[in-house]
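Down below is the structure, laid out as structure tokens.
Only the coordinates and a few stated rules stand behind these numbers; no lab work does. The structure displayed is predicted, hence computed values, not measured ones. Neighbour counts are summed over all protein chains in view; Cβ atoms, including those assigned to glycine, are modelled from backbone coordinates with ideal geometry.
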Protein chains: 2
Amino acid sequence: MADTAEFIKDLCTPAFVVDIDVVRRNAETMLERFQQLGVQLRPHMKTHKTLECADIMTGGSRRCIAVSTLAEASFYADHGYDDVLYAYPLPFDKVERCARLSERLALFHVLLDNKLALQQLTRRPLQRGKVWRVWMKLDCDNGRAGVLHSTQDALQLARDISETTGVELTGIYAHCGNTYGCKGKEQITAIAQETTTNILQFMERLKAIGIQGPKSSIGSTPSCSHPVPDMAMLSEVHPGNYVFYDVQQSLIGSCRLEDIAVRVVTRVIGHYPHRNQLLVDCGWAALSQDGGGRLPTGYAIIEGHAELKLTSMTQEHGRVEPLSGALDYSQFPLGSTLYLIPHHACATAMMHQVYNVHSKGKIVNTWKVFRGW
Amino acid sequence: MADTAEFIKDLCTPAFVVDIDVVRRNAETMLERFQQLGVQLRPHMKTHKTLECADIMTGGSRRCIAVSTLAEASFYADHGYDDVLYAYPLPFDKVERCARLSERLALFHVLLDNKLALQQLTRRPLQRGKVWRVWMKLDCDNGRAGVLHSTQDALQLARDISETTGVELTGIYAHCGNTYGCKGKEQITAIAQETTTNILQFMERLKAIGIQGPKSSIGSTPSCSHPVPDMAMLSEVHPGNYVFYDVQQSLIGSCRLEDIAVRVVTRVIGHYPHRNQLLVDCGWAALSQDGGGRLPTGYAIIEGHAELKLTSMTQEHGRVEPLSGALDYSQFPLGSTLYLIPHHACATAMMHQVYNVHSKGKIVNTWKVFRGW
């Protein structure tokens, strides 16, 4: 069990493990990078959803974070965090909960991309002399939430927000999730530049109609891992995944494999020479199905074993086979462990309630994870 | 929030909802089906992992269940369950925990498919006059865990188990997971027949070498939803998913759509006419990525809207578009809810910590879920 093991090799498997030294390095690198650029880092909590990792990402300030669910916002607020941006298109069922957080915290920010959402806010005026702090979501060609940056609608919505009583247009927020289609630094910086240019141009258009106050922020781990100089003109950035990184980020070009802080420890539970396979005790219940098995090594990279592929999974079983030739079972005795480097850390972390935190393989902490909406 | 909503339409979304009437009907149908066949039903808990649903599946007996993780076994044992089969190839890190459960319960069963696992048991003799109750996993051409049914190795392992001091060969266990490749009742019954024939022939071969005691069991929701007459000669069956069913099971032919007990309630959070899409607040964090979006309607079926497709998801967002033509946004106002019928209930249920249980849309209970290994 996690609570009695001294080393990660002794954990009951499957187990999610986090290398605290890599986490600290990733967090410090990002903090320093944007300190040097003079841009506020607002780390996103969606990847890990723990208090301890948030403390590391904020450099201990417990201020200035982004979250993707309102339950996370409440969790962090309950633990002394403030300046929390609920970076999600305001869902109409959660207005009252948002109002209470706005009244309770010094700075609680909501996000929206349409006028009906703005109307929802005006129907619930805040008490205690507070105003709704609103970020407008701008779609800088990412194609998910947001008003299209180039449209008159975007300008009009910004104007509506800034002219509404009890509401303040605090910032303009864009997520450059389209960096996830990139391969290599050159493509990443091209998208980072494009998103930055789009949002900065939008800020200029706002100024031209007399709206000068709002901050600007873009996000995504790829763009913030390779910022372009123009990003220094932004107020904030809001990446999240970088604290763990993963195989996907290494393929995009955001990081090296050695920057990936997380693994799933799994154990060999069966040898099946008649089909040249072994079974491990990690199925999608512990790894997630992210990536769809399309890596050359299947659903994950098996650390130190480039010759192996995690070919398929069911809920609690994983099938491993060699990329070619016959499996040498003597290398993988029953009961021995393998370390899976996940395709997508956000998805794998979601499958675990406890993270086993280690330094050089020695367990130094256990992080409990917060879930829900 | 779940705790204040009276009807599922008022839940904060995304929310996992369970129709208690359908659950009861599915559970009773399965109980009656195998009672009539004279075969013991040992329902598998892996799909739901709750106490309340286990009570329904066991008809209130709290006896005779199968689980896929040892943490589940302990959870049920802690709540008065007994006759628990840990239906998973014995992982060598969990022998001591298994021993304690064996000593504590009247009947705790382990499963194995190799001689090294048997040796692990003999190194930890049970106290309190107990013997290890061992089920041998037989691979009846399913191709996951188990010794191949047709081999001499299988007979030899059964003999080894039955001749080992402190160990009892309690049963032979086969999972016909290959039914998941079926389309329609005819194909399902063909695999059910094949698996049944294989295991019954194996039982005959055991008898021929003087091993008469062990029980026989096969599982899988498809085969147990359409049992063949020969299954009456088995001692037990161990399906699990049937209590919820899902789109995958309906496509296999195990059930009708109206037998599916679970939904994810999601809410419209954005309209994007320029790309003919709307956004909902259900991403893979609430639905799982199961099925890979390969249904004609994408990652799920949107209840009552055969014209819509859940085309893609990120962690907390889902993109919905029409299968053809222009989306009629007036039908889907911002803030309105949609009901997603999951591709795979086991995978979707895993993403939630709380199930909102309803009868005809009125919330009647909240089930808390147990997780871990």
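Just a few scattered comments:
- Entry note, region B:38-242: relative contact order of 20 percent, from Cα contacts under 8 Å with a spacing of 6+ residues.
- Label point of residue B:63 set 7 angstrom out along Cα-Cβ; within region B:13-42, amide nitrogens under 16 Å from it belong to B:35, B:39-42.
- Potential extension, residue A:160-residue A:328 segment - 0.36 nm per residue separation minus Cα distance: 53.8 nm
- Protection proxy ranking, peptides A:176-188, A:104-116, average beta carbon neighbours within 10 Å, highest first: A:104-116, A:176-188
- Among the listed pairs A:46/B:46; B:9/B:360; A:137/A:215, a Cα-Cα separation exceeding 18 Å is found for A:46/B:46.
- Sorted from nearest, the other copies put their residue A:193 label points 6.7 nm away, the label point being 7 Å from Cα in the direction of Cβ.
- Inter-site label distance for residue B:368 and residue A:353 at 7 Å from Cα along Cβ, in nm: 0.9 nm
- Charge dipole (debye, nearest 20) of chain A; +1 at Cβ of Lys and Arg, -1 at Cβ of Asp and Glu: 680 debye
- The calculated 222 nm mean residue ellipticity attributable to helices in chain A amounts to -8500 deg cm²/dmol, summing -39500 (n - 2.57) over DSSP H runs of n ≥ 4 and dividing by all residues.
- Net length available on complete extension from residue B:7 to residue B:29 is 5.2 nm, with 0.36 nm assigned per residue and the Cα-Cα distance removed.
- Other protein chain Cβ atoms within 10 Å, averaged over every residue that makes up A:269-278: 5
- Listed residue (B:53, A:114, A:260) projecting farthest to the positive dipole end of the protein assembly as shown, Cβ model: B:53
- Relative contact order computed over region B:44-130 (Cα-Cα under 8 Å; 6+ residues apart), in percent: 23 percent
- Relative contact order (percent, whole number), chain A, Cα cutoff 8 Å, 6+ residue spacing: 21 percent
- Label point distance in nm, residue A:79-residue B:185, each placed 7 Å from Cα along Cα→Cβ: 5.4 nm
- Antiparallel content of DSSP bridges confined to region B:257-368, in %, to 5: 95 percent
- Cβ-placed point charges (K, R +1; D, E -1), dipole of region B:110-206 about Cα centre in debye, nearest 20: 500 debye
- Here is how far apart the residue A:156 label points are across copies: 7.9 nm, shortest first, using a point 7 Å from Cα toward Cβ.
- Average partner coverage of A:329-339, which counts Cβ from other chains inside 10 Å: 2
- Within 10 Å of each Cβ in A:285-295, the average number of Cβ atoms from other chains: 3
- The ratio of the alpha-carbon radius of gyration of the protein assembly as shown to the globular-protein estimate 2.2 N^0.38 Å is 0.99.
- The trypsin sites (Lys or Arg not before Pro) of region A:276-319 that DSSP puts in a loop, and whose beta carbon has at most 12 other beta carbons within 10 Å, are A:294.
- For chain A, the Kirkwood radius over C-alpha pairs fed into Stokes-Einstein at 37 °C and 0.692 mPa s yields D = 150 µm² per second.
- Electrostatic dipole magnitude of the protein assembly as shown [Cβ: Lys, Arg +1; Asp, Glu -1; Cα centre; debye, to 20]: 680 debye
- In the assembly of identical copies, residue B:273 has its label point, taken 7 Å from Cα in the direction of the beta carbon, separated from the corresponding points by 6.8 nm (ascending, one decimal).
- FRET efficiency, residue A:257 to residue B:212 (Cβ-Cβ, R0 51 Å, nearest 0.05): 0.40
- Radius of gyration and Dmax over the Cα atoms of region B:38-242, both given in Å: 16.1, 49
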